[in-house]
Every structure is written in C-alpha cells, then in structure tokens.
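The values are calculated or read from the model by the stated rules, or taken from the named source; none is laboratory data. Model, not experiment: these values are computed from the prediction. Here Cβ is always computed from backbone atoms with ideal geometry, including for glycine, and neighbour counts include all displayed protein chains. To get the accessible areas, we keep the full protein, side chains included, count just its heavy atoms, and leave off ligands, DNA and RNA. Shrake-Rupley method; radii C 1.70, N 1.55, O 1.52, S 1.80 Å.
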Amino acid sequence: MGNENGTWIMRGLPLSDPRCLKSPEELTAYINQVGFLPLFRNGIPGFSVEEFTDASAWWTGDQSRDPWEWREILARSGKVVYGKFFAKKAGFLSPEWLPYFVNYRRNGYDFDALWDDEKASFRQKKVMDLFETEPELFSNELKAKAGFGKEGDKNFEGTVTGLQMSLYLCVRDFRQRVNKAGVPYGWPIAVYSMPERIWGSDAVASAYAEDPKISGERIYRHVMELYDIRNEKVLRSLLS
C-alpha cells in the first residue's frame, strides 16, 4: 500500500492471474505454505498479502472477497496467528513458524523472567498481569483495566504493539462490543490473547531448546530463499 499524491494505492494481482488469492481459505493455505507474511507491501517484492490479492476488493466490506475482512476470519480461525509482527505492522504467522518467532523475538524470556531482569516496562507488566486470569480481552477492556486513558497511562497502542512484536500477545479475534442488554454494537474491535492460550504452552515453546539467534537465522534464511531481497536493511527491520 502506497500513498501517491495523497491517494492510497493498492498493488495486487488481477483476478485472472492464477496466483491471485480469492478467498480466506486460499489465503490461509498460502500463509501455511510460505510460513509467514505481512499484510501490506513493504519493500520486499511479493512478501505481502496485498501483492497476491485483488487490489479492487480491499475495504469493500464484502467478506467473500475483501482481504481486510479476511484478516478477521483468519484471526478467529485458529489456523494462523495474526498480529503486529513485522516492523510494528500487521501480518500472519503459520503455527509451524510460530515457535521460531517466539524463541527469536522473546530471546529466551518468558514474560515473568523478562520483568524480573528489568527488561519489560511497568506498562507492559500491567497489561500482561491481566492475562494471568483472563484468557482474552477486548481492546477497550484491556485499555481500561490496565490503567490507560485520560487520567491514566499513555501510549496504550505502543505498549500492546510492543508485546505483539515480542510474541507475548496476538490478536485472537475481532468482535463487536456488547451493551448491557446483551446487544452487539459498533465496529468489530481487536480481541487480544496470549499465543499459549490458543495453541498451548508446549507448542508455543517448542523451539526454546534452540539458541534464539539460530531461530532468527532460520527465519532470515527462509525469507532469503523465497523472495527477491533487494535491500537487506528492509528485511532486518521487518524481522528483527
């Protein structure tokens, strides 16, 4: 996605191209095939959902063809992992590659150990403490319960994004809020959870025996094998 003269331009494939992904099921299969994939174009040719979907379908609101809607379907499916994993921007991981990203990004630390070694912020601690008893939280609930807002802490989005980049949190779903009468209302909003709650602690931590640097090199090599890397700095910024 690029901005040209104030207009957002999507770069995708025509529907007639056999490589064009035409459904959430096809996108799920493709993510599991390549292993991990940012949502939007990013400087590495072909390394995005955007470049393999119909540009005219984005933001149409049609769940059968709109990749922006598909991200909600994929997040709740439990078949891939969704969140802000690539240079603080959204994308997907396959369950196969999730443990390597967890090991690399966490650098061998569970969150409690990260806090004990004074490598986590107090804001991050307040967010993660809530997930000790809550399997999932709406974005607005998480913000309020963790003490963010007008009279509280600032930078809620940055704090949650940082926890996603470190794979301590992911987006479990997008849902409408429910009022006191039990009636859904408004736009669907993000529902956050820990990867361990969805895929299980054993699966998520299955690469912990590997040196995090080796997991990182495994990820980099995989991208180098699949894509035309013209700028390694872009690759490092996306994956580090």
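See the values below:
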| quantity | calculated |
| --- | --- |
| Answer residue from segment 109-137, given it is out of contact with any Leu (no Cβ under 8 Å at 6 or more places or on another chain) and among the polar types (S, T, N, Q) and is farthest from Ser201 (Cα to Cα) among those | Ser121 |
| Hits in segment 105-133 (condition: open to solvent by 40 Å² or more (accessible area, probe 1.4 Å) and aromatic (Phe, Trp, Tyr)) | Tyr109, Trp115, Phe122 |
| Hey, Thr53 open to solvent by 30 Å² or more (accessible area, probe 1.4 Å), of a type in the set (S, T, N, Q) and under 18 Å from Arg11 (Cβ atoms) or not | no |
| Enumerated helices (runs of 4 or more DSSP H) restricted to segment 188-240, each holding at least 1 residues that are over 30 Å from Lys145 (Cα atoms) | 212-226, 232-239 |
| Qualifying residue in segment 86-104 (condition: open to solvent by less than 50 Å² (accessible area, probe 1.4 Å), farther than 28 Å from Tyr220 by Cα and among the aromatic types (Phe, Trp, Tyr)) | no |
| Which numbered condition Phe138 fails, given (1) among the aromatic types (Phe, Trp, Tyr); (2) under 13 Å from the mean Cα position of the chain (by Cα); (3) open to solvent by 10 Å² or more (accessible area, probe 1.4 Å) | (2) |
| Count of segment 201-233 residues which are more than 25 Å from Phe131 (Cβ to Cβ), out of contact with any Gly (no Cβ under 9 Å at 6 or more places or on another chain), aliphatic (A, V, I, L, M) and open to solvent by 80 Å² or more (accessible area, probe 1.4 Å) | 2 |
| Residue selected from segment 59-85 under the condition touching a residue at least 60 places away in the same chain (Cβ under 8 Å) and more than 10 Å from the chain's Cα centre (by Cα), by the criterion most open to solvent (accessible area, probe 1.4 Å) | Arg76 |
| Answer residue from segment 153-192, given it is of a type in the set (Gly, Ala, Ser) and surrounded by fewer than 18 Cβ atoms within 10 Å (Cβ to Cβ) and is farthest from Phe111 (Cα to Cα) among those | Ala181 |
